[in-house]
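Let me begin by presenting the structure, written as structure tokens, before commenting on it.
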Amino acid sequence: KPVEATFDARISGIDGTQLIVPQAAGGTMFDATVNIDRIEAAAAAANPDGAEKFKATFNAADLGSMSKGLVLPAETMEDLAKALAAGFTTETRTTGGAMSASLEFTDRGGVNTWQGELSEHHLTVMADKARLDFGFGMKGGKLAASMPSEGLPPMDGSFGEITLRLAGPLAKTDAPQDFLVLLRLVDVAASDMVWAMAGPAAGLPHDPMTA
């Protein structure tokens, strides 16, 4: 028998701009923005001959993206290092507000669930022949999982902020250049069950971590 499945997705408040300009010297300049007020999606499936069922949801709000740069001909873009030296540039920034996702899978072993949420997130990538700047961050994160089919007890965790940034020169220079590596962890916490799996001897402190 065929699997019974449904999928529903809604996107509201979408707008954007796009500018594409071929360059006389070769390549194409681009500049684009996209903004979305909200995305809502849900999926479900069931095995008509068994106990297996599946449900998933995803919701996101206040999404924004901008991207601009210069793309060179395809034969040049095959080698990223050569493309950057020849003038390829890119700058991309994405931001988002509240985001949540859930997954539920039911089998003969029970109902397995996973939930996650963020209050905000961002991603930045900038590159040209001189420098690379990459950044990623999330705030207000919560995770929870229960997997009785795998014999695992409920587990959960949370964090106030996780941020990673890498920035530095790509080209050789005579003068020293700044280089940055940043990892920020704020109020990273996990349930006692997660700590028990990570340190069975209970030698690790269970206080929220900030570094």
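Per residue, the solvent-accessible area of the stretch 58-211 (1.4 Å probe, heavy atoms of protein chains only, all protein chains present) comes to 61 Å². Here the dipole of the chain is about 240 debye; that uses its Cα centre as origin and unit charges on the Cβ of Lys and Arg (positive) and Asp and Glu (negative).
When only Cα pairs below 8 angstrom with a gap of at least 6 residues are kept, the stretch 130-184 shows a relative contact order of 38 percent.
Looking at the P(r) of the chain, how many percent of alpha-carbon pairs lie beyond 26 Å? Percent of Cα pairs beyond 26 Å in the chain: 58. Applied to the stretch 53-66, the Karplus parametrisation 6.51 cos²θ - 1.76 cosθ + 1.60 on θ = phi - 60° returns per-residue 3J(HN,Hα) values of 9, 9, 9, 8, 9, 8, 9, 8, 9, 6, 8, x, 8, 9 Hz, with x for Gly and Pro. Here the relative contact order of the chain, from alpha carbon pairs under 8 Å that lie six or more residues apart, stands at 12 percent.
Scoring 13-21, 39-47 by mean Cβ neighbours within 10 Å over their residues and listing the highest first yields 39-47, 13-21. Excluding same-chain neighbours fewer than eight residues apart, the aspartates and glutamates reachable from K139 by a Cα-Cα span under 13 Å are E117, E120, E161, D187. Between N47 and F134, the simple label model (points 7 Å from Cα in the Cβ direction) yields a spacing of 3.9 nm. Take the chain, connect every pair of alpha-carbon atoms lying under 10 Å apart with a spring to form a Gaussian network, then pick out the residue of M66, M193, M138 with the largest mean-square fluctuation. Comparing M66, M193, M138 in the GNM, the peak value goes to M193.
Each residue, A9 and Q115, gets one label point 7 Å from its Cα in the Cβ direction; the gap between the two is 2.5 nm.
The values are calculated or read from the model by the stated rules, or taken from the named source; none is laboratory data. All values derive from a computational prediction rather than experimental measurement. When we count neighbours, we look across all protein chains shown, and the Cβ atoms used for this are built from the backbone with ideal geometry, even at glycine. Calculation scope for accessible area: heavy atoms of the full protein, side chains included, ligands and nucleic acids excluded. Shrake-Rupley method; radii C 1.70, N 1.55, O 1.52, S 1.80 Å.
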